[in-house]
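*Asks:* A single structure is presented below for examination.
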Amino acid sequence: MAGRSALPDAAAADAALAGLPQFAGTSRELTPLRGGHTNRNFRLLTGDGQRYVARFSTMDPSGLGIDRDAEAVNTARAADLGVGPRVAAYAPDLGLLVTGWIDGRTLTPADLDDDTTLERVAALARVLHRGPRFAGDFDVFAIQRRYLGLVRSAGYHLPADYLGLQPVIDRLESVLAAGALTSVPCHCDLVAANIVDAGGRLWFIDYEYAGNADPAFELGNLWSEAGLGADRLARLAEAYFGRPSPGQSARARLFGLVSLYSWTLWASIQEAVSGVDFDFREWGRERYERARAELTSAGLDALIRRAQD
């Protein structure tokens, strides 16, 4: 664990947990969990029957901009609202965040292709967005520029025509800034895998990228990551704002395209530096192709006009 240069296996994770007062006096059973592109997660069962998620991360030499202290703070604030799991322990020197276990089912993109589910997600997002401000802000345009600088300087993979679309992204930044809503505490990585259905209610988990942002980004990122149709985004915006909101739906769609364009670079960085066994190149390619299709389409100007209404 020295320097947090590598993600631990189960034995090293157990040794780290044994050094924390919360878990030193009880037996521990660790089970690896799937997922986690920037961390390694274990289900932790203690001798007294308590269940947790132990989340280990490395330091951030990759330039992804993940602030682990802010993640811990924002996780705790979401927990206070009843939106996310409680924080049981945080040991930054170990790269360790322990949260309560949520007994439920992780959603899939197919689950989100349903108006009723989207209404439930929108209702929980409103609770989060009305809560205390988060530590740190999230600006997808600033992140994209930072990622692009890193990718170019380090010589990481960049789609051949990626830079040709940058003027379009710059235009969208001006359009979306002109109609910006007041920033609110947002999850900012609200993908299906970060939403847990516990039967009677939903939970949002994993606050790595959380920060204060335009709520239309939250909706648009959810829409784009799930690969939903425009009709579902319109329903999501209506459920969130409490009325039909074609202008905000259009803004959310533009934010969703920008997020796809930005996460393409996230994938390039991860491909170069991550020790996780995952096809980041294909993950990024799929997002870039979807972004490019709309950013070069004949319908983009009409979408921008709707966002400006």
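Quick note: the coordinates plus some simple rules give every number you see, no bench work behind them. Nothing here was measured: the structure is a model prediction, and the numbers come from that model. Note: ideal-geometry Cβ built from the backbone for every residue, glycine included; neighbour counts use all protein chains shown.
*Asks:* Top mean-square fluctuation among S27, S183, S259, Gaussian network model of the chain, C-alpha springs under 10 Å?
*Replies:* Sorting by GNM fluctuation, first place goes to S27.
*Asks:* While we're looking at this one, here's another question. Just the Kirkwood number for segment 82-229, please: inverse of mean 1/r across all distinct Cα pairs, in Å, one decimal.
*Replies:* Final number for the Kirkwood radius of segment 82-229 is 17.2 Å.
*Asks:* Take the eigenvalues of the Cα gyration tensor for segment 206-258, scale each by 5, and report the square roots as semi-axes in whole Å, largest first.
*Replies:* For segment 206-258, the ellipsoid semi-axes come out as 18, 12, 10 Å.
*Asks:* If you average over every viewing direction, what projected area does the convex hull of the Cα atoms of the chain give, in nm²?
*Replies:* Answer in nm², one decimal: 15.5.
*Asks:* Taking only Cα atoms, what is the 0 to 90° angle, nearest 10, from helix 280-295's long axis to the longest principal axis of the chain?
*Replies:* 20 degrees
*Asks:* Something else now. What per residue convex hull volume, in Å³, do the alpha-carbon atoms of segment 13-152 yield?
*Replies:* 148 Å³
*Asks:* Would you calculate, for the chain, the mean residue ellipticity at 222 nm contributed by helices, counting each DSSP H stretch of 4 or more residues as -39,500 (n - 2.57) and dividing by all residues, to the nearest 500?
*Replies:* Helix contribution divided over all residues of the chain: -15000 deg cm²/dmol.
*Asks:* Test of understanding: in a Gaussian network model of the chain with alpha carbons linked when under 10 Å, which of A125, A154, A135 would top the mean-square fluctuation ranking?
*Replies:* Result: A154 has the largest fluctuation of those listed.
*Asks:* Follow-up question, since we're still on this one. In nanometres, what is the gap between the two model label sites at T106 and A11, each 7 Å from Cα along Cα-to-Cβ?
*Replies:* 2.6 nm
*Asks:* For segment 196-306, state the semi-axes of the equivalent ellipsoid (square roots of 5 times the eigenvalues of the alpha-carbon gyration tensor), sorted largest first and rounded to whole angstrom.
*Replies:* With the √(5λ) rule applied to segment 196-306, the semi-axes are 25, 21, 11 Å.
*Asks:* Quickly work out the R146-to-L163 label distance, labels modelled 7 Å from Cα along the C-beta direction, and quote it in nm with one decimal.
*Replies:* Using points 7 Å along Cα→Cβ, the separation is 2.2 nm.
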